[in-house]
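The structure under discussion appears below in the form of structure tokens.
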Ligand SMILES: Cc1ncc(C[n+]2csc(CCOP(=O)(O)OP(=O)(O)O)c2C)c(N)n1
Ligand SMILES: [Mg+2]
């Protein structure tokens with residue numbers, strides 16, 4: 001009997017807004033001018049937050065901090081597609097996602113300054129505390145999706161991870177289960193080309209990360225992760241698909257980590273200036289600004305206004321974060337279990 | 001009252017809790033149609049459907065990771081890991097997440113999951129099917145560790161574990177599954193976590209054990225005025241009951257099947273030394289498995305604390 005092809009797949013790549021700010025109108029998602037301005041303002045706010053965090057870290061006012069520089073379109077574009085009721089399970093670099101979902105910036109500074117209380121998420125924000133062990137948040141999104149489905153809640157669950165995260169067992173186990181149970185999950189990988197010093201091609205021999213989804217029985221797409229419209233559209237479509245009951249989607253946002261891995265890292269040790277410079281041309285803010293300018297949505301004055309506004313918000317956030325009284329040592333014990341154990345009560349007497 | 005074994009008692013606990021509370025769901029390998037490899041979940045998929053009794057892919061870390069996500073969303077998942085030797089891939093999810101979600105979110109999120117797993121030797125099983133590594137889990141704050149020793153307390157403790165707002169590792173001795181039958185009420189009852197049980201009172205020596213070793217201890221104390229404590233919850237353990245007994249008897253023998261070094265007996269001995277040293281008449285002795293990799297069945301009888309070894313330890317402390 002002749003051999004035959006029993007399965008094949010093709011990986012789609014979505015590009016809408018190019019580096020010159022020209023959008024493919026046939027692919028443009030429906031976004032009002034106000035939406036686009038809001039997206040732009042969130043990018044500027046996130047970048048202002050980020051730059052300030054780096055400064056504060058240098059002054060010893062924050063601990064180690066992972067910058068999101070260069071990944072703003074991936075983060076804000078995807079989070080912008082979420083509805084209030086959707087649930088988000090981030091990794092550790094998603095400050096742009098937090099800010100887009102309305103998380104108070106002062107609490108993020110509080111957290112990065114080493115105060116757990118910064119991650120006490122208020123009841124009306126459906127984002128989970130950030131996840132330090134790489135990739136381990138992926139099964140949580142899957143479990144939350146099982147629960148949402150069981151409860152009959154028509155929501156989507158979004159989880160974020162990096163290119164490095166795709167090498168972890170939890171990525172595999174989470175993807176596999178999401179495929180088997182056809183769960184309403186949107187998996188978003190910010191492929192920023194580096195996992196600390198390990199380049200993307202040393203992470204996996206796959207040509208794309210997106211194609212990994214096909215092995216688990218669902219669709220993966222690659223999008224230009226520096227194009228906020230592509231990211232938004234892919235996420236929006238995937239969330240709608242999830243809510244229709246048509247299962248999970250994997251979105252690989254092809255982007256770049258412009259900054260060091262964290263403030264403790266020196267990326268010049270392992271990557272070239274030429275590479276970084278080439279990506280500078282692809283800056284997600286730059287192209288959105290050019291697009292808006294053509295549409296009459298951007299002026300120098302507007303830029304000045306929103307920069308001022310962002311600075312004001314961030315100044316306020318820093319002030320608020322730094323005026324919070326340090327926690328009482330007893331608070332260290334308070335959230336181990338619902339109730340203190342007899343031994344903890346004894347230990348607390350030391351304070 | 002019906003006489004049932006531990007398998008039936010655990011099944012009953014699961015069934016009652018699932019009837020009572022729609023947020024209780026079960027997930028694991030072969031737990032549905034097959035009723036689990038030990039038949040603990042038999043009949044539950046028929047009664048509660050595939051939405052509440054989920055046959056998952058072969059994916060331990062995924063099972064516990066998903067259970068964490070389910071718990072965050074408000075369900076009360078009971079995950080089964082087929083054998084304790086296969087729980088190790090879940091330690092990342094248990095230690096990095098389940099144990100600390102309450103702390104990390106300052107109480108905004110909690111993780112009320114139960115991870116049930118058969119543990120221990122005595123059924124002539126394959127490699128990694130006889131593990132008893134309970135102490136690993138006792139070292140991690142934020143997790144509770146419960147080990148029932150009989151059908152009656154298995155049911156009461158499992159119901160409490162399911163209702164507990166924090167993650168619980170629930171260890172079921174494979175040797176005990178079908179060894180003893182006991183009256184177990186079909187009425188609802190619970191046993192509090194963190195409380196030990198004095199199985200028999202005595203004046204001369206305190207024996208501390210849990211799970212299947214409790215029964216070996218009971219076989220070893222004939223002719224001795226021994227107080228026997230069934231710890232039932234290892235973390236957090238019932239310090240008060242232990243110290244009170246030790247202060248009365250002045251002699252302690254701790255028995256567990258896990259290796260000696262850093263076994264839970266080490267924690268007990270150190271705690272007793274701190275709290276009741278001046279009441280002791282003899283050194284604290286531990287009768288335990290040896291510091292070897294858990295052997296296959298041919299060595300099992302040498303490895304496990306035997307009645308003879310326990311008796312010898314009792315004789316030893318009684319010399320003082
Ligand atoms: C399980 C685990 N291993 C190692 C680390 C240390 N670490 C932190 S981030 C990182 C690289 C992550 O790369 P990627 O997933 O691509 O995310 P990115 O940092 O690029 O956002 C490593 C190795 C960790 N946090 N967790
Ligand atoms: Mg990366």
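The values are calculated or read from the model by the stated rules, or taken from the named source; none is laboratory data. Here the structure is a predicted model, which is why all the values come from computation and not from measurement. Don't worry about glycine lacking a Cβ; one is built from the backbone with ideal geometry, like all the others, and counts go over all protein chains shown.
Condition check: more than 17 Å from the chain's Cα centre (by Cα) and within 21 Å of residue B:98 (Cβ to Cβ). Does residue A:144 satisfy that?
Considered against the rule, which asks whether it is more than 17 Å from the chain's Cα centre (by Cα) and within 21 Å of residue B:98 (Cβ to Cβ), residue A:144 comes out as yes.
Can you say whether residue A:27 is assigned to a loop (DSSP other than H, G, I, E, B), touching a residue at least 24 places away in the same chain (Cβ under 8 Å) and either within 24 Å of residue A:283 (Cβ to Cβ) or within 16 Å of ligand 2 (Cβ to nearest atom) (or both), as far as the supplied structure shows?
yes
Can you name the residue in segment B:88-121 that is more than 13 Å from chain A (Cβ to nearest Cβ) and out of contact with any helix residue (DSSP H, G or I) (no Cβ under 7 Å at 6 or more places or on another chain) and, of all such residues, is nearest to residue B:215 (Cα to Cα)?
B:120
Quick grid of which residues meet (1) within 13 Å of ligand 1 (Cβ to nearest atom); (2) surrounded by 20 or more Cβ atoms within 10 Å (Cβ to Cβ); (3) part of a loop (DSSP other than H, G, I, E, B):
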residue: A:183; (1), (2), (3): no, yes, yes
residue: A:189; (1), (2), (3): yes, yes, no
residue: A:207; (1), (2), (3): no, no, yes
residue: A:222; (1), (2), (3): no, yes, no
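When the residues of segment A:181-212 are narrowed to those that are within 14 Å of chain B (Cβ to nearest Cβ) and in contact with a helix residue (DSSP H, G or I) (Cβ under 6 Å, 6 or more places away or on another chain), which ends up nearest to ligand 2 (Cβ to nearest atom)?
First pass over segment A:181-212, keeping only residues within 14 Å of chain B (Cβ to nearest Cβ): A:181-185, A:187.
Now narrow it down to the ones that are in contact with a helix residue (DSSP H, G or I) (Cβ under 6 Å, 6 or more places away or on another chain): A:183-185.
Details: A:183: 25, A:184: 26, A:185: 20 Å.
Within segment A:181-212, the match that is nearest to ligand 2 (Cβ to nearest atom) is A:185.
Taking the condition within 16 Å of ligand 2 (Cβ to nearest atom) and crowded, with 18+ Cβ neighbours inside 10 Å, does residue A:229 pass? Give the steps one after another, and end with the answer.
Details: within 16 Å of ligand 2 (Cβ to nearest atom): no; crowded, with 18+ Cβ neighbours inside 10 Å: yes.
So residue A:229 does not fit the description; no.
Looking only at segment A:261-283, how many residues end up being crowded, with 16+ Cβ neighbours inside 10 Å and in contact with a strand residue (DSSP E or B) (Cβ under 9 Å, 6 or more places away or on another chain)?
3
Quick check on residue B:253: is it away from chain A (no Cβ under 14 Å), buried (at least 22 other Cβ atoms within 10 Å of the Cβ), in contact with a helix residue (DSSP H, G or I) (Cβ under 8 Å, 6 or more places away or on another chain) and not in a helix (DSSP H, G or I)?
Criteria met by residue B:253.
Check B:87, B:81, B:159, B:91 and return the single one that is at pLDDT 95 or above and under 30 Å from residue A:108 (Cα atoms). Spell out how you get there, then give the answer.
On the way: B:87 fails: under 30 Å from residue A:108 (Cα atoms); B:81 fails: under 30 Å from residue A:108 (Cα atoms); B:159 fails: under 30 Å from residue A:108 (Cα atoms).
Going through B:87, B:81, B:159, B:91 in turn, the sole match is B:91.
Any chance segment A:239-250 includes a residue that's within 16 Å of ligand 1 (Cβ to nearest atom), modelled with pLDDT of 95 or more, assigned to a strand (DSSP E or B) and away from chain B (no Cβ under 14 Å)? Can you show your working first?
So in segment A:239-250, the residues within 16 Å of ligand 1 (Cβ to nearest atom) come out as A:250.
Keeping just the survivors that are modelled with pLDDT of 95 or more gives A:250.
With the extra rule that they be assigned to a strand (DSSP E or B), the set shrinks to A:250.
Going one step further and asking which of them are away from chain B (no Cβ under 14 Å), we end up with A:250.
Scanning segment A:239-250, I find at least one residue that is within 16 Å of ligand 1 (Cβ to nearest atom), modelled with pLDDT of 95 or more, assigned to a strand (DSSP E or B) and away from chain B (no Cβ under 14 Å), so the answer is yes.
Could you look through segment B:76-85, keep only residues that are buried (at least 24 other Cβ atoms within 10 Å of the Cβ) and closer than 14 Å to residue B:112 by Cα, and pick out the one that is farthest from the chain's Cα centre (by Cα)?
Once the filter is applied, the top-ranked residue is B:77.
Considering segment A:129-146 alone, what residues qualify as being more than 7 Å from chain B (Cβ to nearest Cβ) and crowded, with 18+ Cβ neighbours inside 10 Å? Let's see the steps before the verdict.
We begin by selecting, within segment A:129-146, every residue more than 7 Å from chain B (Cβ to nearest Cβ); these are A:130-132, A:134-135, A:137-138, A:145.
Answer for segment A:129-146, where residues must be more than 7 Å from chain B (Cβ to nearest Cβ) and crowded, with 18+ Cβ neighbours inside 10 Å: A:130, A:131, A:134, A:135, A:137, A:138, A:145.
What's the number of the only condition in (1) more than 10 Å from chain B (Cβ to nearest Cβ); (2) surrounded by 24 or more Cβ atoms within 10 Å (Cβ to Cβ); (3) within 15 Å of the chain's Cα centre (by Cα) that residue A:157 fails to meet?
Result: residue A:157 fails condition (1) only.
I'd like to check something: does segment A:167-176 contain any residue that is within 16 Å of ligand 1 (Cβ to nearest atom), without any contact (Cβ under 8 Å) to a residue 60 or more places away in the chain, more than 14 Å from every other protein chain (Cβ to nearest Cβ) and over 19 Å from the mean Cα position of the chain (by Cα)?
no
Return yes when residue B:68 is more than 13 Å from every other protein chain (Cβ to nearest Cβ) and in contact (Cβ under 8 Å) with a residue 12 or more places away in the chain and no when it is not.
For residue B:68, the condition - more than 13 Å from every other protein chain (Cβ to nearest Cβ) and in contact (Cβ under 8 Å) with a residue 12 or more places away in the chain - is not met.
From A:53, A:23, A:79, which residue is more than 18 Å from residue A:108 (Cβ to Cβ) and surrounded by 16 or more Cβ atoms within 10 Å (Cβ to Cβ)?
Going through A:53, A:23, A:79 in turn, just one is more than 18 Å from residue A:108 (Cβ to Cβ) and surrounded by 16 or more Cβ atoms within 10 Å (Cβ to Cβ): A:23.
Out of curiosity, is residue B:169 within 13 Å of chain A (Cβ to nearest Cβ), surrounded by 24 or more Cβ atoms within 10 Å (Cβ to Cβ), at pLDDT 95 or above and in contact with a helix residue (DSSP H, G or I) (Cβ under 6 Å, 6 or more places away or on another chain)?
When the stated conditions are applied, residue B:169 does not pass them.
Please give the number of the condition residue A:149 fails out of (1) closer than 23 Å to residue B:57 by Cβ; (2) at the interface with chain B (Cβ under 9 Å from one of its Cβ atoms); (3) buried (at least 22 other Cβ atoms within 10 Å of the Cβ).
Among (1) closer than 23 Å to residue B:57 by Cβ; (2) at the interface with chain B (Cβ under 9 Å from one of its Cβ atoms); (3) buried (at least 22 other Cβ atoms within 10 Å of the Cβ), residue A:149 violates only (3).
How many of the residues in segment A:117-127 are touching a residue at least 24 places away in the same chain (Cβ under 8 Å) and within 7 Å of chain B (Cβ to nearest Cβ)?
Of the residues in that region, 1 qualify.
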